[in-house]
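The values are calculated or read from the model by the stated rules, or taken from the named source; none is laboratory data. Note that the structure is predicted; figures quoted are calculated from it, not measured. Here the Cβ positions follow ideal geometry from the backbone for every residue, glycine too, while neighbour counts run over all protein chains shown. To get the accessible areas, we keep the full protein, side chains included, count just its heavy atoms, and leave off ligands, DNA and RNA. Shrake-Rupley method; radii C 1.70, N 1.55, O 1.52, S 1.80 Å.
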Amino acid sequence: MIKQLYSYIGNYKKYVMLCVMFVMVDVVCELMIPLLMSKIVDEGIPSKDIYFIVKNGIFMVLLAAISIMAGGLNMRFSAEASQGFAANLRRALFDRVQAFSFSNIDKFSTASLVTRLTSDVTQMQNTLLMCLRMLLRAPLMLVCAIFFAVSINARLSVVIFIAVSLLIAGIFLVLRPAEQKFAEMQKKIDNLNGTVQENLTAIRVVKAFVRERYEKQKFKKSNDALTEAAINAGNLISLIMPLMMFVLNGATLIVIWFGGRMVAGHEMGAGSLISFISYLMHILMSIMIFSMIFILFARAEACAKRILEVVNTKIDITDNDDTDHKREINSPLVRKGKIEFRHVDFKYAEGGRNVLSDINFSIEPGEYVAIVGGTGSGKTTLVSLIPRLYDVTKGQVLIDGIDVREYSLKQLRDGIGMVLQKNVLFSGTIRENLMWGNENATQEDIEKAASYAQAHDFIISFPDGYDTRLGQGGVNVSGGQKQRLCIARALLKKPPILILDDSTSAIDTATEARIRKSFSENLKDTTVLIITQRISSVKNADKIVVLDDGRVVGIGKHDELFENNRLYREICNSQQEGLVI
Ligand SMILES: Nc1ncnc2c1ncn2[C@@H]1O[C@H](COP(=O)(O)OP(=O)(O)O)[C@@H](O)[C@H]1O
Ligand SMILES: [Mg+2]
């Protein structure tokens, strides 16, 4: 896991190297200072050699200056490396999500993806930052300080070893349960994030159902749980500081006790004792730092797992073996718009039930085909197979006689204009939104597409016309206007195949009839597949496909079906009754 994460440091590796270098310089300089100090006290002062004292004093100042500078540079480069790492990680995540197929997307909630892209990445960034600052420093400091301390007085170093063992044992006892508490806390944070994001994404629904009080309670519960977990973890951690102080002061006391006797017996200089104590502190501090990093790692592990889960998700619909580019050149183009389903079965999840069973029919180029059936009968699923939003489980879908899997995704989807049932517009002007369909479209193209979709009139009735800014998700246009803009956007591609999935549900019947009329006049060569609940919009279709529970139960023109197909007749009759009442 660490290896894979390390690879995301990428071109910032040189900063990591610089960090390592400056940490070394910093540590060595810092540890030399007590040594010089002991020389001044033990040699300079007794012999009253001012020159020696000043020389070593200046040396100490220099070392301190170098150490500070190296420390500062380490800070700078570690910041740069960790920022770069986070940026690379975010990009990798974002790119991967962009490549996701629909079934990949089904597996992750939007809220969890947002958390992974933001707070998880930030947590990883902080972990790297701390590692570069502390993790390198602690072991180096430990080893060097032990070396210097032992070289000053090996016998006295026994105290250090006892103190270190005590501290490690103590920290271990505290950290084991704390690690668990931190893992719990991380889970509570995830929970809170989930609650907040789900609520904010659907804030309008929350308000429409007057669920604010319930949502507030749900939030309070997550929030309180997090607070409690954090306090629990904090309480444990707060034990470490007194423990540390106890060991540190105890050890200092013992060192002074025995060391003092040695100094009195002229076995050791007073200066050596002072620097020995200073090394003792350095050693114990680095062990503390180790323990902190341990906690940090425990917390980062969950984040790292979540990030890598996204990055390592296998994308199930791709342009196979070839690079995208090569495939695009070799790929056939969708030209005529003939669609064939050959004994197609489909299920969403492995081991699940068939959502579509043995679908077998074909649509000729330029036909106007309607798909009808109750909700959940599989209409949306059926049309999703055409642009490969999902891949068939069994059988084949062919366009112009070629299996859809033979096309590159770009050529395939460029050839199909699709208006999804749950369609959205993006924040930006109307023109920008429409040009998603074709980025080279001229104003004339745009207006033509908009007028086919019966959107031109209402667009120019806005004060800013095509430059009207849409809010996020198109909040400032009505449902029917939004649907017409979505249709126009799909038309702008001039695709040989156009699929409208319940895309006229919010449009009044008169306007819908005008759209239908303009399609039949202007899009004669386009194969149009329309899913709708309204019988009035399918009456004139060249072909009506009746779906029931994932099976085709009837195909034909309105009159034939009305006569021979029970289900179709029921749908028609239910709408007639509606009209009578
Ligand atoms: N992304 C999905 N994952 C799992 N099951 C799904 C998904 N989308 C739809 N289904 C299921 O597939 C069946 C057909 O759905 P759908 O094609 O949307 O029906 P329709 O468009 O006719 O209302 C339904 O039972 C629905 O629960
Ligand atoms: Mg549907």
Discussion item. 7 Å from Cα along Cα→Cβ at both Ser536 and Thr227: what's the point-to-point distance in nm?
Written reply: 5.7
Worksheet item: Which whole number of Å³ per residue matches the convex hull of the alpha-carbon atoms in the range 37-151?
Response: 110
Worksheet entry | Square roots of five times the Cα gyration tensor eigenvalues for the range 175-243, Å | 33, 10, 7
Worksheet item: Going through the range 440-531, which trypsin sites (Lys or Arg not before Pro) have at most 11 other Cβ atoms within 10 Å and a DSSP loop state?
Response: Lys524
Worksheet item: Given the chain, what percent of its DSSP beta bridges are antiparallel, to the nearest 5?
Response: 55
Worksheet entry | 222 nm mean residue ellipticity, helices alone, for the chain (DSSP H n ≥ 4; -39,500 (n - 2.57); rounded to 500) | -20500 deg cm²/dmol
Worksheet item: Working from the pairwise distances between different alpha carbons, so that the mean of 1/r is found and then inverted, what is the range 2-311's Kirkwood radius in Å?
Response: 22.9
Worksheet entry | Solvent exposure, largest accessible area first (probe 1.4 Å, DNA, RNA and ligands not counted), of Tyr568, Tyr51, Tyr368 | Tyr51, Tyr368, Tyr568
Worksheet entry | Rounded to 10°, Cα long-axis angle of helix 240-264 versus longest principal axis of the chain | 20
Worksheet item: When all alpha-carbon pairs of the range 207-302 are counted, what percent fall beyond 23 Å?
Response: 55
Worksheet, complete the sentence: Residue by residue through the range 353-359, the couplings from Karplus 6.51 cos²θ - 1.76 cosθ + 1.60 with θ = phi - 60°, in Hz, x for Gly and Pro, are 8, 5, 8, 10, 10, 6, 7
Fill in: Cα coordinate range in the range 457-538, projected on the principal axes (Å, largest first)
34, 25, 21
Item to complete: Give the cross-link partners of Lys13 among the lysines, using a straight C-alpha distance below 28 Å as the criterion and excluding same-chain residues fewer than 8 apart.
Response: Lys3, Lys305, Lys314
Worksheet entry | Inverse of mean 1/r across different Cα pairs in the chain, Kirkwood, Å | 30.1
Item to complete: Would you kindly calculate the translational diffusion coefficient of the range 351-424, applying Stokes-Einstein with the Kirkwood radius from alpha carbon pairs, for 4 °C and a viscosity of 1.567 mPa s, and quote it in µm² s⁻¹ without decimals?
Response: 94
Worksheet, complete the sentence: For Thr468, the accessible surface traced by a 1.4 Å probe with all protein chains present amounts, in square angstrom to the nearest 10, to 20
Fill in: Within the range 413-468, GluC sites (Glu not before Pro) in DSSP loop having at most 11 other beta-carbon neighbours inside 10 Å
Glu439
Worksheet item: Taking the Cα centre of the chain as origin and charging only Cβ (+1 Lys, Arg; -1 Asp, Glu), how large is the dipole, in debye to the nearest 20?
Response: 1080
Discussion item. Need one number: nm distance between label points at Phe147 and Phe108, each 7 Å from Cα along Cα→Cβ, rounded to one decimal.
Written reply: 4.5
Discussion item. Students often get this wrong: which residues of the range 387-401 have the backbone nitrogen under 13 Å from the point 7 angstrom along Cα-to-C-beta of Lys336?
Written reply: 399-401
Worksheet item: Based only on Cα atoms, what Rg/Rh ratio does the range 422-573 have, Rh being taken as Kirkwood's radius?
Response: 1.02
Discussion item. Check which residues have an amide H placed less than 5 Å from Gly554's amide H, if you skip close sequence neighbours.
Written reply: Val546
Discussion item. Given a Förster distance of 30 Å, report the FRET efficiency between Ala87 and Gln443 from their Cβ-Cβ distance, rounded to the nearest 0.05.
Written reply: 0.20
Worksheet item: Which number do you get for Rg(Cα) / (2.2 N^0.38 Å) in the range 424-494?
Response: 0.94
